[in-house]
Amino acid sequence: ILRNNKISKGARKKLTQTRASGIWALGVIIFQLLAQRHPFFDNESEEDISDEEFIHRVVNLPPAELPDYCYFNDPKKRITANQILELPEIVAALSKK
């Protein structure tokens, strides 16, 4: 599929960008911001926050529900942008502005 860091024409035809793929990417970004690590890397293969900081965040910060809705493998099951705007945590954050 990859040749000299380029995607072959056959593979490129199979790749499509949709709103659902954008929602998935949003979930990855939110996870990275909250957890301070990439969601798909093994903890041993990446630099990570200290154990104490991680425990502090898990114990003291409420979990965000939004990333969970973004990760469905089936794009048709992923949350939509309009549904994101209706989530209580998003409504609360937007109403503060």
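Based on this model, can you work out whether Lys77 counts as more than 16 Å from the chain's Cα centre (by Cα) and either of a type in the set (D, E, K, R) or at pLDDT below 80 (or both)? Here the answer is no, as Lys77 does not meet what is asked. Just to be sure before I move on: is Ile49 part of a loop (DSSP other than H, G, I, E, B), β-branched (Val, Ile, Thr) and either modelled with pLDDT under 70 or under 18 Å from the mean Cα position of the chain (by Cα) (or both) in the structure I sent? Against the criterion (part of a loop (DSSP other than H, G, I, E, B), β-branched (Val, Ile, Thr) and either modelled with pLDDT under 70 or under 18 Å from the mean Cα position of the chain (by Cα) (or both)), Ile49 qualifies.
The values are calculated or read from the model by the stated rules, or taken from the named source; none is laboratory data. Predicted, not measured: the structure shown is a model, and the values here were computed from it.
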